[in-house]
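Written below as structure tokens is the structure these notes are about.
Quick note: the coordinates plus some simple rules give every number you see, no bench work behind them. For clarity, every value in this text was computed on a predicted model and none was experimentally measured. FYI the Cβ positions are ideal-geometry reconstructions off the backbone, even for glycines, and counts take in every protein chain you see.
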Amino acid sequence: MQQATFRQGVISAALINNLDMNVGIYLRVENLVDISTGNKFVIQQTLAPRDSFVFPVAMDALKIDTTILNPPIGTSLKFSVGISSVNSGSQKSVVSKRDFVRSELRAGQPLVLKSVTGRIKPTRIAISSGSSGPRLNEAFTKLQGNFAFDSVKLALNLGVSSGFPTDYNLRVIAMTRKTTPVRMDSIYVPPASSSQPANRGIMYPGLNQSTQIVLDNSSGLNVFLAKFFPNFPDTFIVRGDLRMNPPSVFPTNQGLQRVDDTSKVYASIDTYFPLKLGITNGVLIDTVSLDSKQTFDKDFITSVKQGTMYLQVTNGLPLQMTFRAALLGRLTPTSPRDTLLRIPATGTKTIQAATVNTADGTVRDSSVSLITLNLTGPDLDKFNYADAMWFRFDIITASGVTTVKIRDKDFIRILASANLVYQLNKPK
């Protein structure tokens, strides 16, 4: 240790005279220094026979400084005690072997360190830190097809606000709880730069700064995440150990550092997915229930002359698609749903992709497509008895594997409505 300062605390310096005579006593601590003046800590006092003196010392005004000693680094206080006789005239005193003069430093209010400058032995710290995975919502739980990544990244931030260089040996553990059993795998965290040892990266202290290690395709992240298809990890955990002042640093000048009482060693994992995802033969299929309470009675339906059903598809994904849907009948314990009406009546409807920002490739504006279906005669009964809607989106791939950027807030929305032409007072 070279230097240490204190946030708070009090010790008591005691001078004890067990002689049968007046003496002057001093206590001097060579490496305990007044912060404001730079003077060494000294107490001097004249004591009567069998007398003592206790002096409280506020440690926040002092610092331990071993640089004034030789050798300059140590873990001890160096002090000296001296006595001087006081002229007592013709009075005589007897000193026996049991008499003494003593100085003591006594504990008082607990000491709280503010900072320490010195060198510590290599010290291991266990790390276990977690983060939630990307929220990709229903679009990706329902997508089918062949996937290819282009620039998915995961960033790990390691920080030491002050103190010693620290090396690390870490793995990122990913898991998804959407499957039974839970799927879990891990990937090694490489050094922050290629100049560092392959098995242990190193980070350097600094206030409000951290070492960021980015795992990307060059680290095998795309292959690693492919193991979880058709799902994505919902949890990431960093596990391993840090080693403060590792052997490669300990004997060097960098191994001598200052640690404050506000110093922190921390690890956080930032998962950010500027996700460029290539989808070949991508298909999105789903079935949604319709509100059975909104059907009309038979007399009303027989009075309807015609109607039109409207589907408005809002595409917030940067993907061009073809769309088709169908109104389905009720599901019974003995029979599957019947297909009542197809939308469009024949073929498919092309849904334009959302427009994207040229700067970063994210969606700027959604596209809106409208589909109409004319209803007459028997179609009205089928429309009335529909219990669910089935729909399918087929993603159009321009050529081979094309990459696009998708965010967790991108979406597809379908709004259905209809109007009916109704004849009043229809003759019987």
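Descriptive notes on the structure:
- When region 3-118 is reduced to its Cα atoms, the Kirkwood hydrodynamic radius in Å: 15.7 Å
- At R0 = 25 Å, FRET efficiency that the Cβ-Cβ distance of Arg50 and Val10 yields, to 0.05: 0.40
- Order of Asp408, Asp234, Asp360 - criterion: other Cβ atoms within 10 Å of each residue's Cβ, fewest first: Asp360, Asp408, Asp234
- Residue order for Val363, Val101, fewest other beta carbons within 10 angstrom first, comes to Val101, Val363.
- Taking a point 7 Å out from the Cα of Thr348 in the direction of its Cβ, the residues of region 371-396 whose backbone N falls within less than 17 Å of it are 371, 390-396.
- In order through region 58-63: 3J(HN,Hα) via Karplus (6.51 cos²θ - 1.76 cosθ + 1.60), integer Hz, x for Gly, Pro: 7, 6, 5, 8, 10, 9
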